[in-house]
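For reference, the structure discussed in these notes is given below.
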Amino acid sequence: MDLVTTGAALAVGKKIFGKTLDVISADIANLYQKGRDKIIEKVTSKIANIDDGKTANLRVTRDVFWNGSFTDEAICAEYFGGILASSRSIDGKDNSGVYYVDIIKSLSSKQLLLHYAIYSSLNKILTSNPDKIKLNPGQENELQKEQLFLSTNELLKIIDDNDFGRDLHALHAKGLIGDFQTDSHKLKNEQVVPNLKVSPKSLGIQLYAVAYNKLTEWRNFTTVNFGEFDDIESPNFYGQNIMELLDSAGIKDEEVQNKEEN
């Protein structure tokens, strides 16, 4: 599809849609402008000095605006804005970001929210644990030994999707997460805590770093807290095992406590 409609196509469109075509064209133009401006706003917020003389790569810029401007979702603006900011260099020739644009544009806003929820939680956990300083995000075998537990109920609220299993499979298919499993932990009082266990992947960390314009710093994921986006909700309850997850939610379970101590 081209932004510029040929005269013949426009004539046919007029016959099919009549005045409706003008309304549709105006709506698309308005949506594009709104999405474009939001991306530009996010790019600006991710650059320390916009007068640094650097230029965004043309291929990345084209793909970002063409794919990212037709949505007003905040999470999309963060990721598209991040990769556009990451593509800036003195000569503007660094087009390595094209690969990440392809990943971002292939994911829905809900899938991006889920990706953000997973890696923002893991980033907080690892950077707050001195024992994880030497963990190398680039070593897949080492990285996949790490596990993240999240509250299923909280995730459903954040991404507003009752079938987030579909989104998990999408992230897994893209190589953004490793093995995952949903489960329900029964407390001693017979209440049940639905939870998700997931292992991270190096590519998932890279994409998370992209959103912050920190692609060149993705290996610092275990030592530097990348922070949070102001307008994107992130999980409050998380841990590297079920006990840590329960503790973060203020839930005490004697059975889990006994298992951990033994």
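The values are calculated or read from the model by the stated rules, or taken from the named source; none is laboratory data. Since the structure is predicted, the reported quantities are computational estimates derived from the model, not experimental observations. Please note: Cβ atoms are built from the backbone with ideal geometry, for glycine as well, and neighbour counts cover all protein chains shown.
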Using beta carbons and a limit of 8 Å, which pairs, at least six apart or on different chains, have the first residue in the stretch 189-202 and over 17 Å from Gln240 (Cα atoms) and the second one part of a strand (DSSP E or B)?
Val192/Ser184; Val192/His185; Val192/Lys186
Looking for something without any contact (Cβ under 8 Å) to a residue 40 or more places away in the chain and loosely packed, with under 15 Cβ neighbours inside 10 Å - is there at least one such residue anywhere in the stretch 107-118?
no
Exactly one of these conditions fails for Lys197: (1) at pLDDT 95 or above; (2) more than 18 Å from Leu114 (Cβ to Cβ); (3) surrounded by fewer than 18 Cβ atoms within 10 Å (Cβ to Cβ); (4) not polar (S, T, N, Q). Give me its number.
(2)
Whether any residue in the stretch 202-210 is buried (at least 17 other Cβ atoms within 10 Å of the Cβ), part of a loop (DSSP other than H, G, I, E, B) and either over 13 Å from the mean Cα position of the chain (by Cα) or not assigned by TED's automatic domain parsing to the domain that holds Ser87 (or both) is what I want to check.
no
Condition set surrounded by fewer than 15 Cβ atoms within 10 Å (Cβ to Cβ) and at pLDDT 95 or above, scope the stretch 148-174, selection nearest to Lys197 (Cα to Cα): answer is His169
Restricting to the stretch 82-107, name every residue that is part of a loop (DSSP other than H, G, I, E, B) and at pLDDT below 95.
Ser87, Arg88, Ile90, Asp91, Gly92, Lys93, Asp94, Asn95, Ser96, Gly97
Can you tell me which residue among Leu31, Leu114 is at pLDDT 90 or above and of a type outside the set (D, E, K, R)?
Leu114
